[in-house]
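One structure below.
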Amino acid sequence: MRKTEIGQSVARAGTALGTQRKPRRELLWGAAALIVLVAMYWQVGQVWLARWFETPAYYHCVAVPAIAGWLLWRRWERLTEEQPSASGSALALLVMGLVLYWVFARTGVRIVAGLALPVILAGIVGAMYGMRTLRIVAAPIAVLIFAVPFPEHAIGMAAMPMQQVSAVIAAKAAPLLGLSVVQQGITLDLHGFDFVVAQECSGMHSLVALLLTGFVLVELSGLGPFRRVAAIAIIVPLVLFANVVRLVFVLLLAEYLGADFALGVVVHGFSDLVVYFAAVLSFVLFIGWLYDTQRQMSAPEPEEGIAEEEPEAPFDQELEGAFLSVGSDCDGQPADDASPVVAGDQVPSE
């Protein structure tokens, strides 16, 4: 009997020691994977870092590491509560990311390496720590895509649809304000004034900056998963609407104050900032509306029949109680010499 108890104690101690060593082993494997990833992206990372500070269009990339770290810090308590559990299904993500990186190594196209980075990270986290952990850190990993300085030709290809849509909507809205505008592709003709909706006027830079801002605002909003997706999805229409307002405003200035004033002050001045802050304000209002709807839907409805009103006493009982109170002492007992009060009698004053 004594040997059996000793054996059980040794088994429990071994199990506890194994559970303590397992997280340490997972941390060591994670650190090793991070070192390998840094070695893989060392050269291309230096190119990215130089472009962050050289081109104004990529200034937002500087804030991405801090934002990703902040998002991870907000989830740290949940991460510490999770038990590491390797997932074989996440290996598909890791393989996909490694294939993308191999394509970059063969072609030298840095944009492919940028697309491969979050996929590789997601595969490593999921394969080593489990899909539940991957869902927790999905947002910090996804925001890293904004740290990639995409080449100008790629941004131009993405901006072309926004240029065309903005030109079409602005041409339809201008006659409502008394402006005679003829649209030809991405060119708006106003009495001989040809305004070209170029890449700088497409709202693409404002879109990238607002997407990054949207991640932060959605994180702070306290919205549910479905409403968070809806908030992020509304960013593109908001930027497009703000950009159309900017184009129509430029056409109004060109109509009444001249083309030189419109191009010099608005387009090449502070128009991007106007579009960005107008879209941010609209986005904040939309988040507020989503939060109000979420709070209204989550508020418990009052159950019927819980607070029932007490039935009113019949009128004859109230009248009887009034007559009894007239012939009562201060302590509530009936007085011996109490007599009914007859109408017309004089009540002696004290």
Requested in this report: Give a residue-ordered list of calculated ³J(HN,Hα) values for segment 88-95 (Karplus: 6.51 cos²θ - 1.76 cosθ + 1.60, θ = phi - 60°; whole Hz; x for Gly, Pro).
Outcome: x, 5, 6, 4, 4, 5, 4, 5
Query raised in the report: How about segment 140-229: which trypsin sites (Lys or Arg not before Pro) there are in a DSSP loop, with at most 12 other Cβ atoms within 10 Å of their Cβ?
Result: none
Requested in this report: Would you please state which residues of segment 270-290 a label at Phe249 would reach in this model, taking the label point 7 Å out along Cα→Cβ and a backbone N cut-off of under 13 Å?
Outcome: 270-282
Query raised in the report: Hey, how many Å between the Cα centroid of segment 93-116 and the Cα centroid of segment 163-234?
Result: 31
Report task. Could you work out the equivalent-ellipsoid semi-axes for segment 147-270, taking the square root of 5 times each eigenvalue of the Cα gyration tensor, largest first, in whole Å? Result -> 30, 16, 13
Report summary line: Computed ³J(HN,Hα) along segment 242-250: with the Karplus parameters 6.51/-1.76/1.60, θ = phi - 60°, integer Hz and x for glycine or proline, the list is 5, 5, 5, 4, 5, 5, 5, 5, 5
Query raised in the report: Regarding segment 34-133, what are the three Cα extents along the principal axes, ordered largest first, in Å?
Result: 43, 32, 20
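Every read-out reported here was derived from the displayed coordinates using simple, explicitly stated rules and does not represent laboratory data. From a predicted model like this one, the values you see are computed outputs, not experimental measurements. Cβ coordinates were reconstructed from backbone atoms using ideal geometry, including for glycine residues, and neighbour counts include every protein chain displayed.
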